[in-house]
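Here the structure is laid out as structure tokens; the discussion comes afterwards.
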């Protein structure tokens, strides 16, 4: 059995309709076979790991790229870090970001390769605290042995099933895909355009139409080659919602106590904290609880979201903003997005999607169900570590 997987970044069930995605709409039996998938809290790094292992972050161990590890930080081994500290004091944010962008693109890839990391870009992390952080040293989720638990790729290799992955369509990639047992094409443009122009914008809708045509081309190519003797699964990692208000984080970044009494890591939709002073911890918690645009995640909620780590390496406290707000500047953004993901995964706009003519009668599932569904279609044994359930058979 041939499997054609099509992974579309930032595709929400609400984006599928007869106007913007006519082929996907027909493929889903005019919307009848659309499965809304609850994603996980986080960004591409953790969701990709979750999809390809069928396990949640607290099981596969990957959450946010940067985590607290002062005993070993790769940045402490880079001489340029000390020389870069004056960048923190440049008063204009766009200039600071511009310098960091150039360093991230042209200088730090050398150090990443030298130190054995997939990436070491400093982005907008203040240089006065960067040596407190380590970076998740993970392989790409399509590489073997990328995680401490078996991945889809590991199971396929173990069973002698050929696998192919591509981010674009060409004569060469189609040839490789058609000759492989399982092929996955990944399209990221909807995520990028959504961030820049917003959900529902002319540019976003045009991008959805462009991707829809690519999906149609892939499926029709498989139909010409294999008839009906293949399975197609179109899936995504998360949805996206428009940003209505920017929250400045400059006061946090410029705080004189940062790096002395506490640490902070700022993502677009959350702030993570570590503390060196118990009294200051209470002061920060009081401040966070007084803000009207988010809330501190309790231990119970972190466990429910499957992002609770007993060593607190990803943060002792996590402040999650409400949907529609965005934190700027964040450690990994160069500009203010017009739409974001990474809000609470239970929200409708944050849901991912799964479409397959084979799957019917199911309207809700989880991103952890994608991997076991593929394995079930191939009649392969599902690893005991997998927490998702196959949606077929």
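Results, tabulated for the structure shown:
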read-out: Residues of the stretch 126-153 that turn out to be at pLDDT 90 or above and farther than 19 Å from residue 56 by Cβ, as a count; value: 14
read-out: Subset of the stretch 322-352 [modelled with pLDDT of 95 or more, within 22 Å of residue 288 (Cβ to Cβ) and in contact with a strand residue (DSSP E or B) (Cβ under 6 Å, 6 or more places away or on another chain)]; value: 322, 323, 325, 326, 327, 340, 345
read-out: Hits in the stretch 188-238 - residues which are over 23 Å from residue 351 (Cα atoms) and without any contact (Cβ under 8 Å) to a residue 40 or more places away in the chain; value: 220, 223, 224, 227, 228
read-out: Only one of 14, 5, 31 that is touching a helix residue (DSSP H, G or I) at 6+ places or on another chain (Cβ under 8 Å), farther than 27 Å from residue 135 by Cβ and without any contact (Cβ under 8 Å) to a residue 40 or more places away in the chain; value: 31
read-out: Test set (1) modelled with pLDDT under 95; (2) more than 28 Å from residue 11 (Cβ to Cβ) - residue 291 fails condition number; value: (1)
read-out: Residue in the stretch 35-46 that is surrounded by fewer than 18 Cβ atoms within 10 Å (Cβ to Cβ), part of a helix (DSSP H, G or I) and at pLDDT 95 or above present; value: no
read-out: Residue that is surrounded by the fewest Cβ atoms within 10 Å (Cβ to Cβ) [pool: residues in the stretch 96-120 that are closer than 24 Å to residue 336 by Cα and touching a helix residue (DSSP H, G or I) at 6+ places or on another chain (Cβ under 9 Å)]; value: 99
read-out: Tally of residues being in a helix (DSSP H, G or I) and over 20 Å from residue 334 (Cβ atoms) across the stretch 180-206; value: 3
read-out: In the stretch 242-272, the residues that are out of contact with any strand residue (DSSP E or B) (no Cβ under 6 Å at 6 or more places or on another chain) and in contact (Cβ under 8 Å) with a residue 12 or more places away in the chain; value: 244, 248, 250, 253, 257, 258, 259, 260, 261, 267
read-out: Test: residue in the stretch 368-387 that is closer than 16 Å to residue 46 by Cα and not assigned by TED's automatic domain parsing to the domain that holds residue 215; value: yes
read-out: Strands (runs of 3 or more DSSP E) wholly inside the stretch 310-374 containing at least 2 residues that are more than 19 Å from residue 271 (Cα to Cα) and in contact (Cβ under 8 Å) with a residue 60 or more places away in the chain; value: 352-355, 364-366
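The values are calculated or read from the model by the stated rules, or taken from the named source; none is laboratory data. Not measured: the values here are computed from a predicted model. Heads up, the Cβs are rebuilt from the backbone with ideal geometry, glycines too, and the neighbour counts pull from every protein chain shown.
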